[in-house]
Amino acid sequence: MFSEKIQTGLKKQLIRELESSQLYLSMASWTEEKGFDGICEFLYDHSNEERNHMLKLIRYINKRGGSAVVSLPNQSSILFKEFSLHSTLKELFQKSFEQEKKISSEINKLVELSLQEKDYFTHNFLQWYIEEQIEEETLSKMILNKIELIGEEKIGFYLFDRDIKENYCYVTKKKKTR
Ligand code: OFO
């Protein structure tokens, strides 16, 4: 049974995934402007990944006989303004880590709801998101740790940018795990 409660919860989640995608897009654009070639590729890829998470939800809702029509909060312009000339790379990845923790906690709530509603199909569907959040939280925390290690060293940021390009861009990462 695909209840209204579950449907509403999944729709709220698809908006959050869209917001994540938008957030990473604004971060990517900011880092590109600053000349971080590797980090910006990583963030553009991440933005696409978040959009795919949204699509997965839309298609699941439709497949279960629901309707994925949602009204969007008008936040896109706010997100784009978030990174100003005075932001730092550390602030950016702190924000990324906070965002991933927030999404993980929302996924947890949805899993709980699926059990309350005895919707085992949705419970099963959400397992993929749990795996994904474990991966993304770990990755953003690891990047933040690296930035803290670098401190103020300009050469450190240069090498870090190269490291991200070589080891953490989405396409490269997928190829390596094949
Ligand atoms: Fe959608 O996975 Fe992160 O936020």
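The values are calculated or read from the model by the stated rules, or taken from the named source; none is laboratory data. It should be emphasised that the depicted structure is a prediction, and the values quoted were computed from it without experimental measurement. Cβ coordinates were reconstructed from backbone atoms using ideal geometry, including for glycine residues, and neighbour counts include every protein chain displayed. In case anyone asks, the SASA skips ligands and DNA or RNA and just uses the protein heavy atoms, side chains included. Shrake-Rupley method; radii C 1.70, N 1.55, O 1.52, S 1.80 Å.
Looking for whichever is at pLDDT 95 or above, open to solvent by 50 Å² or more (accessible area, probe 1.4 Å), within 11 Å of the ligand (Cβ to nearest atom) and within 30 Å of L144 (Cα to Cα) here; the options are K109, K101. Which one fits? So that I can check it myself, show each step before the final result.
Working: K109 fails: within 11 Å of the ligand (Cβ to nearest atom).
The match here is K101.
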### Query
Could you give every pair whose Cβ atoms fall below 7 Å, whose first residue belongs to segment 4-25 and is closer than 18 Å to S105 by Cα, and whose second residue is open to solvent by less than 10 Å² (accessible area, probe 1.4 Å) and not in a helix (DSSP H, G or I), counting only separations of at least 6 or pairs across chains?
I6/D119
### Query
For the subset of segment 56-75 comprising residues that are within 16 Å of the ligand (Cβ to nearest atom) and either open to solvent by 60 Å² or more (accessible area, probe 1.4 Å) or more than 22 Å from F2 (Cβ to Cβ) (or both), which member is modelled with the lowest pLDDT?
Q75
### Message
Looking only at segment 17-38, count every residue that is aliphatic (A, V, I, L, M), open to solvent by less than 10 Å² (accessible area, probe 1.4 Å) and within 13 Å of the ligand (Cβ to nearest atom) and tell me the total.
### Response
2
### Query
Looking only at residues in segment 137-168 that are exposed (fewer than 13 other Cβ atoms within 10 Å of the Cβ) and β-branched (V, I, T), which one is nearest to L92 (Cα to Cα)?
T138
